[in-house]
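No value in this document is a laboratory result; all are computed from the given coordinates. Please read all numbers here as calculations on a predicted model, not as lab measurements. Neighbour counts are summed over all protein chains in view; Cβ atoms, including those assigned to glycine, are modelled from backbone coordinates with ideal geometry.
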Amino acid sequence: MRIPAFLSLLLASRVYSYVVNDGTTCEIYPEALTYNGQAVDDAPSIHQAFDLCGTNGTVVFTNHTFHINSVLNTTNLVNCDVSLRGELRFSTNIPYWRSHVFSVIYQNQSTAWLFGGTNVTLRGEGGWINGNGQTWYTENKNQANQPGRPISITFFNSTNLLADGLTIIQPQFWATFVWESKNVSLTNFFVNATSDDQWDTTNTDGYDSWRSDTLLVENATITNGDDCIAAKGNTTNLLVRNVTCYGSAGMTIGSIGQYPDWPDYVQNVTFDNIHCVNSGEGAYIKTWQGVPVTDDSNGDVGGGGGGLVKNVTFSNIHMENVALPIQISQCIYSEADGKYCNTSKLQIEDVAWVNVTGTSRYNIAASLYCSSAVPCPGVTFDNVSFESVNHTLGLPMWNTTLQDEVYQCGNIVGQNSSGIPCNRVAPDNFSQGVTHNVQ
Ligand SMILES: *[C@@H]1O[C@H](CO)[C@@H](O)[C@H](O)[C@H]1NC(C)=O
Ligand SMILES: *[C@@H]1O[C@H](CO)[C@@H](O)[C@H](O)[C@H]1NC(C)=O
Ligand SMILES: *[C@@H]1O[C@H](CO)[C@@H](O)[C@H](O)[C@H]1NC(C)=O
Ligand SMILES: *[C@@H]1O[C@H](CO)[C@@H](O)[C@H](O)[C@H]1NC(C)=O
Ligand SMILES: *[C@@H]1O[C@H](CO)[C@@H](O)[C@H](O)[C@H]1NC(C)=O
Ligand SMILES: *[C@@H]1O[C@H](CO)[C@@H](O)[C@H](O)[C@H]1NC(C)=O
Ligand SMILES: *[C@@H]1O[C@H](CO)[C@@H](O)[C@H](O)[C@H]1NC(C)=O
Ligand SMILES: *[C@@H]1O[C@H](CO)[C@@H](O)[C@H](O)[C@H]1NC(C)=O
Ligand SMILES: *[C@@H]1O[C@H](CO)[C@@H](O)[C@H](O)[C@H]1NC(C)=O
Ligand SMILES: *[C@@H]1O[C@H](CO)[C@@H](O)[C@H](O)[C@H]1NC(C)=O
Ligand SMILES: *[C@@H]1O[C@H](CO)[C@@H](O)[C@H](O)[C@H]1NC(C)=O
Ligand SMILES: *[C@@H]1O[C@H](CO)[C@@H](O)[C@H](O)[C@H]1NC(C)=O
């Protein structure tokens, strides 16, 4: 046991290295305070604090910079309140992280921090998580799903968990992941993944959920280079409201249908009061094709998975300069092949877009293509209207004869009564990466 000089007045308390414990509250101080500001790993003290105060207690990250040089596993907390008043700064030792991160099973992804339990709060009381992700963005060079590139914080195996006021800057990979949990809320949530060099912030999703039920995301501002919010397999009863996404790939169900052994059921999802600015996509559903492709170590190939998407609402959504505002694709990673888009057997039904307005970057507002193997019933539009940015400026649509906003449809059951102003047959090889006016 070391007793740092600056804590000597606290001798009445029990001091465990840099954890001050008065019984049920553990305050954590960083090692840097006695090591002349050196980036000494604070993970051991953090684990000690959670061991002491993780059940029926309070853990406080005091208002200092903490160096997170090794993985954190703070799970199985019970009736625990956590206050984040300082900065948690992850180290950039890529070889270390690659060989020590925890698997999250899904897509062979991994995480630097497993967090959770029963009746847990995590409050960002002026503090924040700094994933120090620039090092990862630069090293990643726009690759997808690089193995061992960790999610900043994963809420795992949790019931009744509230993360309020959580701020994550420069996440290494996805900022958050909710995994095998129930009744988890993220409120007043802020993420900013912005690269300061020529490499993109690929895979810096703001929020992803998997195998989880009864979820809330409310009041969030997310700036990133991938999905703003993504409901993945077996996400049920998710409500997302009042979220602003800058850049990003918008709000999505998916991708799903990747694994034949794990059918994906996504039901009762509402995205309400959302603002997407300069996003690649806006409000959409993406599944893999119905034919599996050999898996690789990245876990980013697959397909052939079944399941069901049912009862999804995208309401009160405003978009500005979004490349592909609305989409259903059932061949999200094989579109270009033009031969798989009718193979998915993952049924999509009862999906409503209500009050969805704004500007599209090109001449297309919506591409809705369901697999012919499972045409989509109950897909509806109500008060959906888009105008291309060029059109708002009085400019022509370059290199196309299609001067009206395009709404293209394929395999929509009851298309004529859907409220969708379909004016073009959706091709079966349409790419979500829209980079110019469609022909
Ligand atoms: C935590 O509190 C609960 C309810 O107050 C109690 O039943 C349980 O024994 C306590 N656990 C510990 C380890 O103190
Ligand atoms: C995390 O810690 C818990 C103990 O609280 C342990 O049971 C679990 O195996 C650990 N998880 C990993 C991935 O090491
Ligand atoms: C969690 O909180 C609820 C409501 O306060 C309580 O009934 C339950 O016992 C708590 N769970 C545990 C494991 O302490
Ligand atoms: C943390 O300390 C800084 C000064 O070092 C201060 O500006 C900031 O307001 C403090 N934050 C909190 C939550 O007390
Ligand atoms: C998940 O949480 C339950 C308590 O809710 C616990 O019994 C179980 O050991 C936890 N599983 C893991 C892998 O930590
Ligand atoms: C995100 O960070 C970048 C770079 O630091 C900054 O320019 C931008 O204003 C931030 N965005 C928000 C919404 O704070
Ligand atoms: C929406 O969330 C933002 C934070 O992202 C907050 O500033 C704003 O007050 C919220 N608006 C409403 C109506 O709740
Ligand atoms: C969202 O923000 C608004 C405005 O600041 C606030 O009134 C509301 O309580 C927030 N919602 C949550 C769940 O914190
Ligand atoms: C989803 O839940 C069903 C059972 O309801 C299960 O068969 C399937 O494997 C689960 N899928 C995932 C991705 O966990
Ligand atoms: C659809 O989901 C919403 C929550 O998003 C729920 O309120 C509603 O009852 C569900 N409808 C049906 C028919 O299950
Ligand atoms: C969807 O919501 C309805 C109405 O609340 C509920 O009855 C149904 O069980 C929910 N479905 C799932 C899969 O949770
Ligand atoms: C759509 O907008 C109208 C007019 O603002 C509003 O009355 C209606 O409640 C909105 N619909 C939904 C589902 O929010």
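Computed from point charges on the beta carbon alone (+1 for Lys and Arg, -1 for Asp and Glu), the dipole magnitude for the range 233-298 about its Cα centre is near 280 Debye. So what's the angle, to the nearest 10 degrees on a 0 to 90 scale, between helix 43-53 and the longest Cα principal axis of the chain? Approximately 80 degrees, to the nearest 10.
Restricting attention to the range 17-425, lysine pairs at least eight places apart or on different chains and with alpha-carbon atoms under 20 angstrom apart total 9. Here the chain is assigned +1 on the Cβ of each Lys and Arg and -1 on the Cβ of each Asp and Glu. Its dipole about the Cα centre then comes out at about 300 debye.
Counting neighbouring Cβ atoms within 10 Å and putting the fewest first, the residues Val413, Val384 line up as Val413, Val384. Counting only DSSP H runs of at least 4 residues, each contributing -39500 (n - 2.57), and dividing by the residue count of the chain, the helix-based mean residue ellipticity at 222 nm comes to -1500 deg cm²/dmol. Candidates Gln146, Tyr96, Ile348 compared by Cα position along the dipole of the chain: farthest toward the positive end lies Tyr96, with charges placed on Cβ.
Residues Asp428, Asp200, Asp226, arranged from fewest to most other Cβ atoms within 10 angstrom of their Cβ, appear as Asp200, Asp428, Asp226.
The range 143-213 and the range 331-351 have their alpha-carbon centroids 27 Å apart. Exposure proxy ranking for Leu122, Leu324, based on other Cβ atoms within 10 angstrom of each Cβ and starting from the fewest, stands as Leu122, Leu324.
Packing here is the average count of other Cβ atoms within 10 Å per residue, and on that basis the peptides 55-61, 176-182, highest first, run 176-182, 55-61. Dipole magnitude for the range 122-216: about 200 debye, using +1 per Lys or Arg Cβ and -1 per Asp or Glu Cβ, origin at the Cα centre. Counting only DSSP beta bridges with both residues in the range 17-425, the antiparallel share comes to about 5 percent.
When only Cα pairs below 8 angstrom with a gap of at least 6 residues are kept, the chain shows a relative contact order of 8 percent.
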